[in-house]
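This report concerns only the one structure given below.
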Amino acid sequence: MWKKWFSNKSDVDQNQSYLQNSLDPNSIPAHIAIIMDGNGRWAQKRGLPRTLGHHAGAETLRNIVKTAAELGVKVLTAYAFSTENWKRPAEEVDVLMRLLSDYLDSEIDELDSNNVQIRFIGKTDELAPSLYHKVTQAQKRTSKNTGLILNLAVNYGGRAELTRAVQLIARKVAAGVIAPDNISEQTIQDHLYTADLPDPDLLIRPSGDLRLSNFLLWQSAYTEFWFTNTNWPDFTPDHLIQAIADYQRRDRRFGGLKTSK
Ligand code: IPE
Ligand code: IPE
Ligand code: MG
């Protein structure tokens, strides 16, 4: 029997449920994006190899996906591997790819039975064929699920995504399907991996680095950012709740005027 996440309230740590109750259930961010950073530093601090940090980080993702679903988040986009991460030593890249494969193997049943829809953004067709197959199978198997959308960014880069969009649009222009003057912001949005998803409301980056590292460049135009020095393997559901609580105190103006007093 696969565990249903919502069946056992006593599972929820008392402190967490107390913090959770401090949130306004009516303004939970619909889309949260997370840059899962700091695995290497987490390991180095403990005198461990970086790869153990990645293992610990995968464990954090399991917990955070569950909490996000419990809180009613609609879309969680997690940055797992960037188009620039190929610059790392081959052994580290191998571990990261294996972890993704293991994550899908071990989580797919539980995610599916909890109505999670798994999607991928990025050039997944450049992954090893066996991993690409696993990725497309996971996507296919969960495509009818109506709960949390878990959007994993793998071999993803914001610039690569925009370059791809330009290529797709240019082809349509060349074929006479779109007139150049009719290219609008919506046209570009429609050709991104995230075409049918809302822009992220909240973007979280652990580890103390204060940059986007090529993540969701177009989509984060008006996203609220939340940073913590905690490394990803130490990131807990309480951090997520804290980030949402802070988000709920922000005044999002989108270039207009204050909506609250
Ligand atoms: C994030 O942790 C994992 C990936 C980028 C794939 P890092 O490996 O970047 O950890 P730090 O930033 O070196 O601590
Ligand atoms: C961003 O982190 C990519 C992921 C977390 C997957 P990096 O660790 O690669 O970013 P930089 O190199 O510090 O900017
Ligand atoms: Mg890093």
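Results, tabulated for the structure shown:
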| read-out | value |
| --- | --- |
| Expected 222 nm ellipticity per residue - DSSP helices of 4 or more, -39500 (n - 2.57), all of the chain, to 500 | -13500 deg cm²/dmol |
| Asn26-Arg253 pseudo-label distance in nm [points 7 Å out on the Cα-to-Cβ vector] | 2.4 |
| Dimensionless Rg ratio for the chain, taking C-alpha atoms and the 2.2 N^0.38 Å reference | 1.04 |
| Label-point separation in nm, Ala128 to Gln44, each point 7 Å along Cα→Cβ | 2.7 |
| Kirkwood-type radius of region 52-93, with distances r between different C-alpha atoms, in Å | 12.1 |
| Amide H partners (placed H, <5 Å) of Thr77, local residues excluded | Ile32, Ala33, Ile34, Asn151 |
| Region 138-255: radius of gyration over Cα atoms, expressed as a fraction of 2.2 N^0.38 Å | 1.28 |
| Apportionment of accessible area to carbon and sulfur, the chain, percent (1.4 Å) | 52 |
| Solvent-accessible area per residue, Å², over the chain with all protein chains present [probe radius 1.4 Å] | 52 |
| Helix runs (DSSP H) in the chain reaching 30 Å along axis by Cα, Kyte-Doolittle at least -0.5 | 50-71, 90-113 |
| Computed FRET value (nearest 0.05) for Trp86 with Thr136, which takes r as the C-beta separation and R₀ as 22 Å | 0.60 |
| Gain in span if fully extended, Asp238 to Ile178, counting 0.36 nm per residue against the direct Cα distance | 16.8 nm |
| Most positive-pole-ward Cα, Thr146, Ile32, Leu19, against dipole of the chain from beta carbon charges | Ile32 |
| Cα-projected label distance for Val166 with Arg211, points at 7 Å along beta-carbon direction, nm | 2.1 |
| Computed FRET value (nearest 0.05) for Thr146 with Ser17, which takes r as the C-beta separation and R₀ as 35 Å | 0.90 |
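The values are calculated or read from the model by the stated rules, or taken from the named source; none is laboratory data. Nothing here was measured: the structure is a model prediction, and the numbers come from that model. Cβ coordinates were reconstructed from backbone atoms using ideal geometry, including for glycine residues, and neighbour counts include every protein chain displayed. Quick note on the areas: whole protein, heavy atoms, side chains included, nothing else; ligands and nucleic acids left out. Shrake-Rupley method; radii C 1.70, N 1.55, O 1.52, S 1.80 Å.
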